[in-house]
Amino acid sequence: MARALAEAKAAGDMGEVPVGAVLVDAAGAVIAAAGNRVERDHDPTAHAEMLVLRAGAARLGAKRLTGLDLYVTLEPCPMCAAAIGLAHVGRLYFGAYDPKGGGVEHGPRIFTQPTCHHRPEIYGGIAERAAAELLRHFFKARR
């Protein structure tokens, strides 16, 4: 999660919402890491999770990321949660909960829907305080 927090901080420093994600294999080797790039790329889908899933799939030459772990600093939104399910990620670890925009423990709860064909193991609240502080600081500076 420390690497995901570093990615989030770097994204925030560039004017992006500070969210970071890291995809790791069973041995703990980093497969892909990214922070949000929505503003930079002018792409509403350039969330950290989406970027990491795309980079991981490309690097491994596979559409399924079975057995890999995804660390994200914020509860994934519905779009990202659906993509995580489609990629068959093994475990999802996230930091801050997102009651307003989350799609895992809040909102549509993507992984509990009957149309969801894969549900990763989910662990929320990992380094929650640090992740939430990055977000609070970012939005406070913009108000």
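The values are calculated or read from the model by the stated rules, or taken from the named source; none is laboratory data. Computed from a predicted model, the values in this text were never measured in an experiment. For neighbour counting, all protein chains shown are included, and Cβ atoms are generated from backbone atoms with ideal geometry for every residue, glycine included. The protein model used for the area step is the full one, side chains on, heavy atoms only, and it has no ligands, DNA or RNA in it. Shrake-Rupley method; radii C 1.70, N 1.55, O 1.52, S 1.80 Å.
Of all residues in region 2-24, those being open to solvent by less than 40 Å² (accessible area, probe 1.4 Å), assigned to a loop (DSSP other than H, G, I, E, B) and either touching a residue at least 40 places away in the same chain (Cβ under 8 Å) or in contact with a strand residue (DSSP E or B) (Cβ under 8 Å, 6 or more places away or on another chain) (or both) number 3.
At least 2 residues being small (Gly, Ala, Ser) is the threshold, and among the strands (runs of 3 or more DSSP E) wholly inside region 44-143 those reaching it are 91-96. When the criteria are applied in full, GLY28 fails the requirement of being buried (at least 20 other Cβ atoms within 10 Å of the Cβ), out of contact with any Gly (no Cβ under 9 Å at 6 or more places or on another chain) and assigned to a loop (DSSP other than H, G, I, E, B). Output the residues belonging to region 55-80 that are under 12 Å from the mean Cα position of the chain (by Cα), of a type outside the set (A, V, I, L, M, F, W, C) and surrounded by fewer than 24 Cβ atoms within 10 Å (Cβ to Cβ). Of everything in region 55-80, those that are under 12 Å from the mean Cα position of the chain (by Cα), of a type outside the set (A, V, I, L, M, F, W, C) and surrounded by fewer than 24 Cβ atoms within 10 Å (Cβ to Cβ) turn out to be ASP69, PRO78. Which number in (1) open to solvent by 30 Å² or more (accessible area, probe 1.4 Å); (2) farther than 23 Å from ARG3 by Cβ; (3) of a type in the set (A, V, I, L, M, F, W, C); (4) touching a Gly at 6+ places or on another chain (Cβ under 7 Å) marks the one condition that ILE126 misses? Just one mismatch for ILE126, condition (2).
Is at least one residue of region 59-80 farther than 22 Å from LYS140 by Cα and without any contact (Cβ under 8 Å) to a residue 12 or more places away in the chain? Scanning region 59-80 turns up at least one residue that is farther than 22 Å from LYS140 by Cα and without any contact (Cβ under 8 Å) to a residue 12 or more places away in the chain.
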